[in-house]
Every structure is written in structure tokens, then in C-alpha cells.
Amino acid sequence: MKYLKYLICLLLIPFYAHAGVIQSGTVTQANAKKSLVDGAAFVDIAVDLSAYASSDAAVSHKYEFRLIDSAGKIARGYIGASGAGETLSGTEEITDPLFDNAASWNLGTGWSIAGGQATANNPAINVRVDEYIANSTGTLLKGSAITSALTAGSMHLVISHIKVGSFTSAGTHEGYATSFDIIVRLYGIGAGSAGDLQATVDSYSVKQVTDCSTNGVHILSTKTGSTQNWAEIQAGFNYNDVSDYTYQILVSGAAGSW
């Protein structure tokens, strides 16, 4: 009989561990737009979370949100209000976003800057034009590059040493990444194809995202609080997991939640 009880307990562990989960799914790194910085915590995952939104006021928040990286590390907090719409800081992170001063940039072989443009002429794969700039840990950053010509090869944006997009045609190209420490980080545009990139870039801007879209939600640090911080970010949590994430929404206080 004691062995039967033991077996039943083993079978119930997964149930209790996930009993509070009412929605879950997977999220790519590109779609996991998350601000982990204190005072401006939010998440926007290309899934409409507005049905779970409440208020940023000090009321009882019904739902908890978890973002789990591919190693099982968790960032979690309580769901507050919906975002008011994606909002960017007025502060430009790039020293020379319009390519007016070549001395502001580190030029890889095959790149040049003149006349307000950065030009790629067959740089080797991953060779970049870039700047190194410091940011606060957890800041969500949006990069936007305007290319007036891209006649061969492919390019990618780089934010906080993370490749956040790849494109093969001229136009406006965007990507997001979360700054993962306060040391100097690279913001640049790189060759995505070996030895065949021909492109002209007119500008590259990087700015902090200070609020999320109306499909995203603010994250609060306590169930009844109003502070827009994450409740917990486990040590080793991957701020830009190229192996993607899973997410969970739980009823606050239910089995399996904190």
C-alpha cells in the first residue's frame, strides 16, 4: 500500500506544479520584447495579453506572468495594466546615427562612411560597422536601420552583441534586444553573407523602449503592489535567448504560483 501511495504522489507532482497555469506557449527571441529594468517593467510577446490586464494601482492583481528561458531560468511578476502603445525614449543611444562622422564608428574591412552614408563593399561574413555604448541592465532597445540600396548579399542588425534581424532588400529594418549588463555593448550593422554584400545604409538608430504595445502588459513586483518591477529574475536568466522561451500565465495564489 505504501508503494501505491508513493506512486500516486509521483504522478501528482506535475499536476500540482502546473495547476495554476491557465495559458502557456512558446515565444521566439525576436518576439520576446521584455523590459527587465526597474520602474519600466513590461512584456510584449506577440500574443494579446490584454484580457489578463488589470491596473497598475495597488490592488489585488489576479494573474502572474512567467517567462522561462531554454535552461529553465525564470523571470516572473504580476500582471498590471495593458501597455499604452509602443513608446520610445527621446534619447538616441547611437553617437552618430546619420553617419556624419566616420570617426564615431569602428569600420570593419569592406565598410566605409562618407556623405552621410555607410557603404558595404564585399565585407567578410560578420564584419561590421559598429559603436560600443553602455546601457542599463534590463533595458529593452529597438534598432532601426534605413538602407537605400542592397543589391547583393544580406545584412543583420546587432544590439547588445545580439543579431536581431536579417534582411536582403533595401528599406527600413527593425529589431529588439534586452541589454544584459552595464558594460559597453556593440550596436552595429553587419554582413550576413560572406564576401558578397553590396549595400548603402543611410541611418541606424537605437532607442530604449519605455512602454509596450496595447497587446503587452506592465509587470508589477507584488500581488497587491503598484511598483513596475519584476518580482524575481533568477540568476542566470538569459535576457536574449536565441533558443527561445516559454511563457506561463497563472492565477495568483493558485497551486504552482508564488
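In the Gaussian network model of the chain, springs joining C-alpha atoms below 10 Å, which of Asn229, Asn106, Asn31 carries the largest mean-square fluctuation?
Among Asn229, Asn106, Asn31, the largest GNM mean-square fluctuation belongs to Asn106.
Compute the relative contact order of region 88-210 as a whole-number percentage, counting only Cα pairs closer than 8 Å that sit 6 or more residues apart in sequence.
Result for region 88-210 is 37 percent.
So what's the angle, to the nearest 10 degrees on a 0 to 90 scale, between helix 2-18 and the longest Cα principal axis of the chain?
Result, in degrees: 40.
Over the chain, what lengths in whole Å, largest first, do the semi-axes of the equivalent ellipsoid take, defined as the square roots of 5 times the eigenvalues of the alpha-carbon gyration tensor?
41, 20, 14
Relative to the Cα centre, what is the charge dipole magnitude of region 63-120, using +1 at the beta carbon of each Lys and Arg, -1 at the beta carbon of each Asp and Glu, and rounding to the nearest 20 debye?
340
Over the Cα atoms of region 112-258, each weighted equally, I'd like the Debye log10 I(q)/I(0) at q = 0.13, 0.16, 0.18 Å⁻¹, rounded to two decimals.
After summing over all Cα pairs, the log10 values are -0.68, -0.91, -1.07.
Quick check on the chain: helices-only [θ] at 222 nm, where DSSP H runs of length 4 and up contribute -39,500 (n - 2.57) each and the sum goes over total residues. Nearest 500, please.
-2000 deg cm²/dmol
Please tell me the relative contact order of the chain in percent, rounded to the nearest whole number, where contacts are Cα pairs under 8 Å and at least six residues apart.
In percent, rounded to a whole number, it is 34.
Could you work out how far apart the two model spin labels at Val242 and Ser89 are, taking each label as a point 7 Å from the Cα in the direction of the beta carbon, and quote it in nm?
It is 2.6 nm.
If the limit is 25 Å between Cα atoms, which of Lys62/Lys207; Lys62/Lys142; Lys73/Lys223; Lys142/Lys223; Lys73/Lys163; Lys163/Lys223 go over it?
Lys62/Lys207; Lys62/Lys142; Lys142/Lys223; Lys163/Lys223
Rule-based calculations on the coordinates, nothing more; no lab input. Quick caveat, the model's predicted, so the values are computed rather than measured. Cβ sites come from the backbone with ideal geometry, for glycine too, and all protein chains shown count toward neighbours.
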